[in-house]
Amino acid sequence: MRFSKVLESSPHCHPSPDGKLIATLLPSCIVVRAVASLEVCRTIKLLPDLTGGVTSFIWSPSSTRILVATSDQIYVFSARGSEFRGTAKVPSSLNKSAFIDFGATDREVCIWSPFGIKLTLVDFTSSKAVEIANPKFYNAASATKGSSFRASTHHLALLTRASGKDMISIHSPTTREIERSWYPDTIDAQGLAWTPDGRWLVVWESSAQAPRVLFYTPNGHVFKDWRGPLLDASRDKDLLQSGTGIRTLALSPDGRHTAIANGSTCICILHTPSMVEAMRLRHPQVVQPKDTLQIWQEQNTLSNTGSFSASAFVKACQAVTPPWIVSNGLQEPISGCNLAKFDSSSSLLATRLEDAPGTIWIWDIPSSDLRAVLMYHATVTKLEWHPMQPELLLMRCEGDSYGSLVFVWDPLSNGPQPVNMAHRVSRAVSGKTYATWLKTTTESAAVFFTDNAACMIISLTDSDGETLPWRDCSISSVNHEGHTGMQSSGLASLLEDAEDSINFDMDDDDTSEPDDTFQFSKKFTGH
């Protein structure tokens, strides 16, 4: 492995989706670095004390813009050459937004109001916004379950609920006005999503109801109404005894498979073109190693001081029982698969069970076989497949002892490989840490890691001669006043009017006259 130099970071520091830039929010500015050189390529000055109340700091889908949101203002800046700046004012009656994110494109921002009052779609190109009443899901943890953008056309599918009834609406990619809407035959829909190829809109019922998944055409016609697996009393006792409602649904990147899990230890895989069950994956209570199945168990090693210092994995040679959670009898036990993700090739599926949160199961979809079982001492909180390289998995665990650790696994490795950042910085890792894959064009994969004060890039290369995502060169320091040790190639300021500046005022009071030609123009879409 190769480690980059340590760079200054903050609680808000993220790489761009294309892996070419790193944006860091400091008290008086946003610093944008180029991954290739690790040098500052743009500095965006901010209003005094703006960062004290920042609620969102995110990249746009194509990595050209950065959004900074406070309780009452939303700012959008150009991350690259142009001097674009957009500002939207959150209505004072809302206090603050429940969740904010970019829409299908860089020009669109989605603002969910608290308590599901409305969803506001702001278009920074047309200087207009559309409000949609009663989105069913509206906070950071669930908002994306109730909305989905079609990849090929950018149509928005939205799940709303009013008067105790679910409604699905399809909105125009240009105006966001309703093109069609209907009441699905659901009691309490849990989510909806376009398939990656945009051919089908998938809607599934909540876990409290009988299992049901509806596959719609883009025109809103039901193509398939899946009502659960066919059960056999002798073979499917687990499915019969456990809650049969849908807990997890995952779509493969190639659009060919849908993984559906309930309260049992089984996962049904549907072949999407026909929408029929192609296979059923069963998590065994006891795992027996074999030629096609590897079992890796975490073991902590002792340092000279007698304390646990590092994680290592040992390959099991005999049958192993995963660390299942035993119910204490005081509360109702929760079981079933609560996390399922396909890799970029759609050939592997990683799963985690509610009652075995420290165990990760890796399934081979073409053969329907269990390929690997990875057992940790702590709950696995993050599973992330590499966006470009198949069969490469990043994992993280909860707990202070795992704060500086990132685990990387692939089928040819000797178990999960721990990457420890604790010895790479001149101080202890502080605050909440964040790690993710860095999308690069180099042969070896790279990981981005940050805490409250420092960030770095780790290349997983095994060769000294291999090309790295970055070049070793002098690193400019950035102090908390926003001054850099080198001349920035681009400087934007919130205190000055940029060349392309758009302002929105989304306050509920519509009696005031427009300030200029870019003043907010609002439409309301209801049902």
Fill in: Residue list for the stretch 176-223, restricted to those being hydroxyl-bearing (S, T, Y) and out of contact with any His (no Cβ under 9 Å at 6 or more places or on another chain)
Y183, T186, T195, S206, S207, Y216, T217
Worksheet item: Could we say that T43 is more than 29 Å from H154 (Cβ to Cβ) and touching a Leu at 6+ places or on another chain (Cβ under 7 Å) here?
Response: yes
Discussion item. If I go through the stretch 359-401 residue by residue, how many of them are over 18 Å from I260 (Cα atoms) and in a strand (DSSP E or B)?
Written reply: 16
Practice prompt. Could you please tell me which pairs satisfy a Cβ distance under 6 Å, a separation of 6+ or placement on different chains, a first residue in the stretch 318-333 that is closer than 14 Å to T265 by Cα, and a second residue that is part of a loop (DSSP other than H, G, I, E, B) and modelled with pLDDT of 65 or more?
Written response: W324/D355; I325/D355; P333/S327
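Restricted to the stretch 148-178, and to residues that are open to solvent by 20 Å² or more (accessible area, probe 1.4 Å) and part of a strand (DSSP E or B), which residue is farthest from G86 (Cα to Cα)? Walk me through it before giving the result.
Start the filter on the stretch 148-178 by keeping residues that are open to solvent by 20 Å² or more (accessible area, probe 1.4 Å), which leaves 149-155, 161-165, 173-175, 177-178.
When the remaining residues are screened for being part of a strand (DSSP E or B), the result is 149, 161-162, 165, 178.
Numbers: F149: 23, R161: 31, A162: 33, K165: 37, I178: 26 Å.
Per the stated criteria, the residue is K165.
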Discussion item. Just the residues that are open to solvent by 60 Å² or more (accessible area, probe 1.4 Å) and closer than 11 Å to L192 by Cα, please, taken from the stretch 130-147.
Written reply: T144, K145
Worksheet item: Within the stretch 415-451, which residues are open to solvent by 60 Å² or more (accessible area, probe 1.4 Å) and either within 21 Å of V373 (Cβ to Cβ) or in a loop (DSSP other than H, G, I, E, B) (or both)?
Response: Q417, H423, R424, S426, R427, A428, K432, K439, T441, E443
Worksheet item: Does the stretch 398-414 contain at least one residue that is open to solvent by 70 Å² or more (accessible area, probe 1.4 Å), farther than 13 Å from A453 by Cβ and within 18 Å of the chain's Cα centre (by Cα)?
Response: yes
Fill in: Residues (modelled with pLDDT of 95 or more and polar (S, T, N, Q)) located in the stretch 132-141
N134
Worksheet entry | Only one of S206, S172 that is of a type in the set (S, T, N, Q) and under 17 Å from V130 (Cβ atoms) | S172
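The values are calculated or read from the model by the stated rules, or taken from the named source; none is laboratory data. For clarity, every value in this text was computed on a predicted model and none was experimentally measured. We place every Cβ from the backbone using ideal geometry, glycine too, and count neighbours over all the protein chains shown. Areas reflect the complete protein model, heavy atoms only, side chains present, ligands, DNA and RNA absent. Shrake-Rupley method; radii C 1.70, N 1.55, O 1.52, S 1.80 Å.
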